[in-house]
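To keep things clear, I will list the structure first and then write my remarks on it.
The values are calculated or read from the model by the stated rules, or taken from the named source; none is laboratory data. It should be emphasised that the depicted structure is a prediction, and the values quoted were computed from it without experimental measurement. Neighbour counts run over all protein chains shown; Cβ positions are idealised from the backbone, glycine included. When the accessible area is computed, the model is the full protein with side chains, heavy atoms only, and any ligands, DNA or RNA have been set aside. Shrake-Rupley method; radii C 1.70, N 1.55, O 1.52, S 1.80 Å.
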Amino acid sequence: MSLDAFLEPDAKQEAEPLDAALQAKLDEVITRLQQAWQEYGEALTFANSLGAEDALLTGLIAQNQPEIAQFVLDTGRLPEPTLTLLDQVRSRWPQINIQVFYPDASKLQDFVNREGVNAFYRSQELRKACCGVRKVEPLQRALADKKAWMTGLRREQSVTRDQLEYSQWDAGNGLQKLSPLYDWSEAELWQAIKALKLPYNALHDQGYPSIGCAPCTRAVQPGDDPRSGRWWWENPETRECGLHK
């Protein structure tokens with residue numbers, strides 16, 4: 001895939017060419033996207049969390065396999081830059097289909113009335129319950145009629161993901177789980193994003209390598225674990241929300 005295919009007309013002169021090794025990895029991801037569509041078709045969906053990994057996958061899907069459906073889980077506590085990016089993505093690539101799933105209003109209202117709006121700070125049990133209402137239940141609706149879902153997970157992201165493979169059976173949701181960037185490094189990811197001039201979450205430039213709900217995400221120091229800003233009050237080995245087990 002030519003680099004020019006991704007660029008706006010006024011950005012082509014500023015593009016930084018990728019080295020041969022990274023271009024090969026990029027081509028491999030494009031092949032994975034195309035093969036995934038060939039195998040699953042409309043039974044495939046991409047879980048777009050609007051993080052850095054998903055910025056790259058969104059651009060690649062838009063230019064190579066725009067038929068792949070996408071969805072975003074709007075928990076009701078997302079940072080404003082995340083929602084701004086969603087609008088930017090939709091404006092730039094009208095050919096892609098992104099659905100937004102929200103928490104069940106009555107379940108969320110019951111949880112907040114019972115436990116409080118910031119209950120997740122009090123215990124891991126309550127934090128996971130909040131994630132269950134705001135993320136896991138909407139995810140189950142998003143995946144209800146699918147046979148495979150695609151994520152931006154990478155092995156390098158955390159100790160909970162270091163055994164990740166490209167294609168794995170997701171027993172919890174009963175479908176195949178594909179992670180096209182599983183073997184990418186942080187440096188490779190950002191080199192590709194910058195070279196392709198892709199829009200990304202503004203919080204990444206403010207020290208947020210991993211972005212979730214606003215009250216559960218904070219900036220980290222350079223060199224810190226990328227996931228250390230997520231649920232920082234918990235043990236690193238338990239910092240998952242239930243979407244990825």
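Remarks
- Electrostatic dipole magnitude of the chain [Cβ: Lys, Arg +1; Asp, Glu -1; Cα centre; debye, to 20]: 820 debye
- C-alpha long axis of helix 80-92 to longest principal axis of the chain, angle in °: 40 degrees
- Ratio of the Cα radius of gyration of the stretch 134-173 to 2.2 N^0.38 Å, where N counts its residues: 1.30
- Taking the protein heavy atoms of the stretch 167-234 in the context of the full set of protein chains, the accessible area attributed to carbon and sulfur is 49 percent at 1.4 Å.
- Lysine pairs in the chain whose alpha-carbon atoms fall under 26 angstrom of each other, counting only those eight or more residues apart or on distinct chains, come to 24.
- Fraction of antiparallel bridges per DSSP, the chain only, in percent to nearest 5: 30 percent
- Expected-Rg normalisation [2.2 N^0.38 Å, Cα atoms] applied to the stretch 120-236: 1.16
- Kirkwood-type radius of the chain, with distances r between different C-alpha atoms, in Å: 18.7 Å
- Estimated at 0.36 nm per residue, the fully extended path between Asp27 and Ser228 surpasses their Cα-Cα distance by 69.3 nm.
- Distance between the modelled labels on Trp190 and Glu67, one decimal in nanometres: 3.7 nm (7 Å Cα→Cβ projection).
- Summing charges over all other residues whose Cβ lies under 14 Å from the Cβ of Ala105, with Lys and Arg as +1 and Asp and Glu as -1, gives -1.
- Per residue of the chain, the DSSP helices (runs of n ≥ 4 H) give a summed -39500 (n - 2.57) that works out to -10500 deg cm²/dmol at 222 nm.
- Solvent-accessible area per residue for the stretch 169-216 (1.4 angstrom probe, square angstrom): 37 Å²
- Quarter of Cα convex hull surface for the stretch 97-164, i.e. mean projection, nm²: 6.4 nm²
- Each residue of the stretch 211-226 was assigned a 3J(HN,Hα) from its phi angle through the Karplus expression (A = 6.51, B = -1.76, C = 1.60, θ = phi - 60°), giving 10, x, 5, 4, x, 10, 9, 9, 5, 10, 7, x, x, 6, 3, x Hz with x at Gly and Pro.
- For Arg114 and Ala144, the FRET efficiency from 1/(1 + (r/R0)^6), where r spans their Cβ atoms and R0 equals 30 Å, is about 0.65.
- Crossing angle, helix 186-195 versus the chain [Cα axis fit, 0-90 degrees, rounded to tens]: 50 degrees
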